[in-house]
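Everything on this sheet refers to the single structure shown next.
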Amino acid sequence: MRGWHGLDDVPEDWGRSVITIGVFDGVHRGHQEMVARAVAMAADRGLPSVVVTFDPHPEEVVRPGTHPPRLTTARHRTELLTALGVDAVCVLPFTLEFSQMTPDEFVQTVLVDRLHAAGVVVGENFRFGHNASGDIETLRTLGEKYDFVADGVPLVSDGETISSTRIREQIAAGDMEAVTQTLGRPHRVEGVVVRGYQRGRQLGFPTANLESPEFTAIPADGVYAGWLQGVSTGNLPAVYGGERWPAAISVGTNPTFEGVPRTVEAYALDRDDLDLYGAHVAVDFGPRLRGNTRFDSIDALVEQIHADVEKVRRLTG
């Protein structure tokens with residue numbers, strides 16, 4: 001699989017291809033259907049398939065301060081798209097200048113001159129060009145002008161309309177079972193492990209305290225079952241070879257202790273020997289076990305943690 005950051009990375013001798021375009025935040029089941037359509041069209045024509053996506057999120061550039069909570073990092077999004085069988089992923093830096101292209105300029109610059117589109121697959125609600133003035137009918141008209149076919153795909157899976165906005169709402173509500181169903185996999189939060197207050201270690205449950213990128217979609221406060229693992233970034237390999245551990249995950253301010261900022265912490269079951277400080281890790285969220293509770297004593301808190309751990313063991317075993 002080829003990965004390009006910007007159009008200048010596309011090889012000069014790149015031939016015709018079938019392209020699918022979108023932000024693809026979350027790479028949910030609707031996105032997966034759309035990419036599958038592009039991959040199938042490319043196979044029918046004997047051409048490579050290319051995903052064109054954007055970073056940062058266009059909303060942050062067009063309307064600063066309105067960036068929606070991010071479902072996937074750019075790196076993880078590329079991994080997920082690659083796993084769907086595309087031949088190349090082209091991440092376009094989304095700038096204010098880029099946003100001011102007319103639909104015709106976008107098509108000619110991105111799809112025709114550099115990627116030599118023979119076919120283009122988008123969501124049927126796709127908008128593009130300055131002030132989102134282009135839609136699927138615009139794309140079809142420009143396809144006639146520039147010799148490519150355009151196909152609009154409803155973002156539907158098993159009869160259900162799927163949107164990244166709806167998934168963000170489910171995450172904010174802590175409904176991770178619905179999120180897993182809609183994404184087709186658990187929601188992932190990534191970050192670097194930083195030193196916290198080390199209260200979990202003092203209680204016998206050492207946790208990895210994540211410092212996540214800005215705009216990350218964090219589930220509602222509470223305790224969750226899930227998994228913890230190291231992930232590779234750039235040239236750095238995943239810590240512990242990317243081993244994946246069942247984990248009890250806590251999101252929130254830990255109301256038993258005063259003055260703690262909101263955190264995401266994960267305890268890898270039965271592992272008190274892990275050295276994760278400074279490592280890039282991922283937490284995959286399973287079902288929510290309970291909300292956050294203020295306990296009257298440390299003993300009561302420890303008793304509840306033991307009960308949480310046993311629930312996690314059953315759910316992830």
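The numbers here are math on the coordinates, done by the rules we state, and not lab data. Only a predicted model underlies this, so the values are computations on that prediction, with no experimental measurement involved. Glycine also receives a Cβ, built like all others from the backbone with ideal geometry; neighbour counts cover every protein chain displayed.
For the chain, go through all pairs of different Cα atoms, get the mean of 1/r, take its inverse, and jot down that Kirkwood value in Å.
On the way: mean 1/r = 0.0472 Å⁻¹.
With all distinct Cα pairs of the chain included, I get 21.2 Å.
Residue-wise, which Karplus ³J(HN,Hα) couplings in Hz belong to region 161-175, taking 6.51 cos²θ - 1.76 cosθ + 1.60, θ = phi - 60°, and x for glycine or proline?
6, 10, 9, 5, 4, 5, 5, 4, 5, 5, 5, 4, 8, x, 8
Taking θ as phi - 60°, what are the ³J(HN,Hα) couplings along region 178-186 by the Karplus curve (6.51, -1.76, 1.60), each to the nearest whole Hz, with x for Gly and Pro?
5, 4, 4, 5, 6, 6, x, 5, x
Counting only helical runs of four or more DSSP H residues, what would the 222 nm mean residue ellipticity of the chain come to if each run contributes -39,500 (n - 2.57) and the total is spread over all its residues? Please report the intermediate quantities before stating the final value.
Working: 10 runs with 92 residues, N = 317.
That calculation yields -8500 deg cm²/dmol at 222 nm.
In angstroms, what radius of gyration and Dmax does region 178-316 have, counting Cα atoms only?
So, for region 178-316, Rg and Dmax equal 14.3, 47 Å respectively.
Excluding ALA40 itself, what net charge comes from residues whose Cβ is under 15 Å from its Cβ, given Lys and Arg +1 and Asp and Glu -1? List each step's numbers first, then the result.
Values: positive: ARG37, ARG45; negative: GLU33, ASP44, ASP87, ASP151.
Result for the local shell: -2.
Hey, can you grab everything whose amide H is under 5 Å from the amide H of SER232? Only 5+ residues off in sequence or another chain; H modelled, so Pro and N-termini drop out.
Close amide H contacts, sequence-distant or interchain: ALA238.
Which one of GLY184, GLY286, GLY226 has the biggest mean-square fluctuation once the chain is modelled by GNM with Cα springs under 10 Å?
Of the options given, GLY184 has the highest mean-square fluctuation.
Counting only Cα atoms, I'd like the Rg/Rh figure for region 2-161, Kirkwood definition for Rh. Write down the numbers at each step before the final one.
Numbers: Rg = 14.5 Å, Rh = 15.7 Å.
So for region 2-161, dividing Rg by the Kirkwood Rh gives 0.93.
Strictly greater than 21 Å: what percent of every Cα pair in region 1-75 meets that? Mind dumping the intermediate values first?
Values: 1030 of 2775 pairs.
Pairs farther apart than 21 Å: 37 percent.
Quick check: net charge around ASP151, other residues with Cβ under 11 Å of its Cβ, Lys/Arg +1 and Asp/Glu -1? Working shown, then result.
Values: positive: ARG37, ARG140; negative: GLU124.
Charge balance near ASP151 sits at +1.
Could you run the Karplus curve 6.51 cos²θ - 1.76 cosθ + 1.60 with θ = phi - 60° over region 239-246 and give me ³J(HN,Hα) per residue in whole Hz, x for Gly and Pro?
My calculation for region 239-246 gives 4, 6, x, x, 4, 10, 10, x Hz in order.
How would you rank 230-240, 83-93, highest first, on the average number of other Cβ atoms within 10 Å across their residues? Could the numbers behind the result be given before it?
Values: 230-240: 14.3, 83-93: 18.3.
For the peptides 230-240, 83-93, the packing ranking is 83-93, 230-240.
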